[in-house]
1. Can you give me the relative contact order of the chain as a percent, contacts being Cα pairs under 8 Å and 6 or more apart?
2. Want the number for Arg38 to Glu120: 0.36 nm per residue separation, take away the alpha-carbon distance, what's left?
3. Take each complete run of DSSP H in the chain, measure how far its Cα atoms stretch along the helix's own axis, and keep only those covering 20 Å or more with mean Kyte-Doolittle hydropathy at least 0.5; list them.
4. Could you pull out every residue, at least 5 positions away or on a different chain, whose amide H is within less than 5 Å of the one on His71? Hs are placed 1.01 Å off N in the peptide plane, and Pro or chain starts have none.
5. With a Förster radius of 35 Å, plug the Cβ-Cβ distance of Lys76 and Thr20 into 1/(1 + (r/R0)^6) and report the FRET value to the nearest 0.05.
6. Just tell me which lysines come within less than 20 Å, Cα to Cα, of Lys217; anything on the same chain fewer than 8 places away is out.
7. Non-local amide H neighbours of Met13 (under 5 Å, H modeled in plane, Pro and chain starts lacking H): which ones?
8. In whole Hz and in residue order, list the ³J(HN,Hα) couplings for region 65-73 that follow from phi through the Karplus curve 6.51 cos²θ - 1.76 cosθ + 1.60, θ = phi - 60°; x for Gly and Pro.
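Values quoted throughout were computed directly from the atomic coordinates according to the rules given, and no laboratory measurement underlies them. Not measured: the values here are computed from a predicted model. Because the Cβ atoms are built from the backbone with ideal geometry, glycine has one as well, and the counts that use them run over all protein chains shown.
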Amino acid sequence: MFGESMLKLNEPMIIVNFKTYLESTGRRAMELAKQAERVSKETGVQIIVVPQFVDLAKIAESVEIPVFAQHFDPIKPGNSTGHILVDAIKEAGAVGTLVNHSERQLRLVDIQVLVEFAKEKKLVSCVCANNPATSVAVAALNPDMTAIEPPELIGTGISVSMAKPEIITDTVSLVHKIKGGMPILCGAGISQAEDVLKALNLGTLGVLVASGVVKAKDPYNILCSFANAMRQ
């Protein structure tokens, strides 16, 4: 199902986006990554961490689980001050990247460039979309994975799998009509094991989470509950 870049990735999976929370910055980012690694080893469930750029290299050197970048820019090496080069995230140790997160939205033409650049560097691309129609459009660009995340539910603690299950089922149905077998994740408001189990039952192969883990009082226990739900 996966290309050469994804040989070490398994299903189901949990992707933890660190965003720019203080709880996932610097020393605390490393602690969170280590907790995710521990849960992955204890449960056998694939967990991927997505730290901020300045923490990426150090975390990638320190954990055995996959590390993704939060974004990179559609540029080639040269005079692009303040941008992120795909070669830089690869060199830092990233094995994949998020693309078009709702907090870093891109034009479709730029998404296509990023997916192509990622493939050239053998990086996994997980392209986010905000609705089923957009999911179909990005799936046609042939990323490795796509993630459906209604932006109105992000960070609310109200999970898309419980509040708007039809968004997930519509996305799975439509995407698989044009790209059968493409892994589909879901995110937005995922904060309990029940949310994760429901997401899998609706046809996804994992979840993309952030505040539900990062800002939790006990991220380790939350991740354990998510992973154990996936093993049922």
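1. On the way: 479 pairs, mean separation 45.8, N = 232.
20 percent.
2. Here the segment from Arg38 to Glu120 would lengthen by 26.4 nm.
3. 165-178
4. Leu98
5. 0.85
6. The reachable lysines, counting only those whose Cα sits under 20 Å from Lys217, are Lys19, Lys34.
7. Gly206, Val207
8. Per residue, the Karplus-derived 3J(HN,Hα) values read 7, x, 10, 9, 8, 7, 4, 8, 9 Hz.
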